[in-house]
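**Student:** Pasting a structure below so you can have a look.
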Amino acid sequence: MAIYDPTKRPADSFDTHTHLNDDVFWHDVAAYWARAREHRIVEMNIVGYDAVGNERAIEIAHEFEGVHAIVGWQPEDINGFGDTELATLRAQLQDDAVIGIGETGLDYYWDTTTPADQKAAFQKHLDLAKEFKLPVTVHARDAFDDVYEMLKANDVAQFGGVMHSFAGNPEQAQRFLDLGMYISFSGIATFKNAKEVQAALQIVPLDRLLVETDAPYLAPVPMRGKQNEPMFVRYTIQNLADQLGMEYNELANITRENAHRLWHLG
Ligand SMILES: [Zn+2]
């Protein structure tokens, strides 16, 4: 497989899910942002997960060009998501840098919260998505069936959404596509042993495909095991383009257009 060639001028691309709001980046956001821009990663979504993560996402989005914020409470952290936090989240959704809700969803891998509590919090996020007509960024781990049922019951197509860092099989991908959702692939889809995820990539229509780093986690091949950062989305784009028999620039353009459509960006 070809790896990304930095001597060729790449098309502008979009990392649709990254966490420059994480502690590992927080004191050096400008450097990570600038490095990404050097490689023409000209847009990124900073995705929140708790009170501090959400505040920082908005702050970064206001400070840096091409950066958008997505705010919400991830399922592992919803013990801290009470009425006050819900009110704060509601206020944050009115900020013009905020383009979506998330990450939200269900994660039964961790046992810090119960499935019932996670579902209640996910439902509050879906209600906000309906009210504000904002797309949801959905995290699902060991919980595909319950996530599917809730997205279906809430008619997710009304406001739109993405299955982020998709790690399921083709049959699961198809169910979410049938609900009108986008599927976003991270470094996981570049791992040699991720055969099911790679098979899922093959069935996603090109107009529903997104790419992301989910940095600082899940660095793509050939950086696997290193600390991930937005700049590395270029490796993911190149790897997925190879798997799809496409050129880097073609896939970069398509996934950026898709992101613009989903998040209503000009
Ligand atoms: Zn994430």
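**Student:** If I model a spin label as a point 7 Å beyond the Cα along the Cα-Cβ vector, how far apart are those points for residue 59 and residue 133 in nm?
**Tutor:** Output for this residue pair reads 3.2 nm.
**Student:** Give me the one-decimal nm value for the distance between modelled label points at residue 179 and residue 153, 7 Å along each residue's Cα-to-Cβ direction.
**Tutor:** 1.1 nm
**Student:** Sticking with this one: Counting only protein heavy atoms and a 1.4 Å probe, tell me what percentage of the chain's accessible area is made up of carbon and sulfur.
**Tutor:** Details: 5430 of 11110 Å².
The value for the chain is 49 percent carbon and sulfur by accessible area.
**Student:** A further question on this structure: Mind pulling the angle between the C-alpha long axis of helix 248-262 and the longest principal axis of the chain? Nearest 10 degrees, somewhere in 0 to 90.
**Tutor:** With both axes taken from Cα atoms, the answer is about 20 degrees.
**Student:** If you take the charge dipole of region 123-266 about its Cα centre, with +1 on Lys and Arg Cβ and -1 on Asp and Glu Cβ, which of 147, 176, 199 is farthest toward its positive end?
**Tutor:** 199
**Student:** For the charge dipole of the chain, defined by +1 on Lys and Arg C-beta atoms and -1 on Asp and Glu C-beta atoms about the Cα centroid, which residue among 69, 118, 255 has the Cα displaced farthest towards the positive pole?
**Tutor:** Checking the options against the dipole of the chain, the answer is 255.
**Student:** Indicate, rounded to the nearest 5 percent, the antiparallel portion of the DSSP beta bridges found entirely in the chain. Kindly include the intermediate steps, with their values, before the conclusion.
**Tutor:** Working: 0 of 24 bridges.
Within the chain, antiparallel bridges account for around 0 percent of the total.
**Student:** Something else: Using just the helices of the chain, give the 222 nm mean residue ellipticity in deg cm²/dmol: DSSP H runs with n ≥ 4 each add -39,500 (n - 2.57), and the total is spread over all residues, rounded to 500. Please report the intermediate quantities before stating the final value.
**Tutor:** Numbers: 10 runs with 110 residues, N = 266.
Mean residue ellipticity, 222 nm, calculated: -12500 deg cm²/dmol.
**Student:** May I pose another question? Please go through region 59-94 and write out the GluC sites (Glu not before Pro) that DSSP classes as loop and that have at most 12 other C-beta atoms within 10 Å. Before the final figure, lay out the partial values.
**Tutor:** Working: sites: 59, 63, 65, 76, 85; in loops: 65.
Answer by residue number: 65.
**Student:** Related question: With a 10 Å radius around each residue's Cβ, average the other Cβ atoms per peptide and rank 119-130, 186-197, 210-221, highest first. Can you show the working numbers first?
**Tutor:** On the way: 119-130: 19.8, 186-197: 18.2, 210-221: 23.6.
Order by mean packing, descending: 210-221, 119-130, 186-197.
**Student:** Only four residue types carry charge here, +1 at the Cβ of Lys and Arg and -1 at the Cβ of Asp and Glu. Report the dipole size of region 26-111 about the Cα centre in Debye, rounded to the nearest 20.
**Tutor:** Values: 5 positive and 17 negative charges, 69 e Å.
The dipole magnitude comes to about 320 debye.
**Student:** Moving to a separate point now. How would you order 141-153, 92-104 from highest to lowest mean count of nearby Cβ atoms within 10 Å?
**Tutor:** Values: 141-153: 16.7, 92-104: 20.5.
Descending packing order for the listed peptides: 92-104, 141-153.
**Student:** How high is the FRET efficiency from residue 111 to residue 206, r the C-beta distance, R0 41 Å, rounded to 0.05? Please report the intermediate quantities before stating the final value.
**Tutor:** Numbers: r = 38 Å, r/R0 = 0.93.
The pair residue 111/residue 206 has a calculated efficiency of 0.60.
The values are calculated or read from the model by the stated rules, or taken from the named source; none is laboratory data. None of the values given here were measured: they were computed from a predicted structure. Cβ atoms come from the backbone with ideal geometry, glycine included; neighbour counts cover every protein chain shown. Heavy atoms of the whole protein, side chains included, go into the accessibility calculation; ligands, DNA and RNA do not. Shrake-Rupley method; radii C 1.70, N 1.55, O 1.52, S 1.80 Å.
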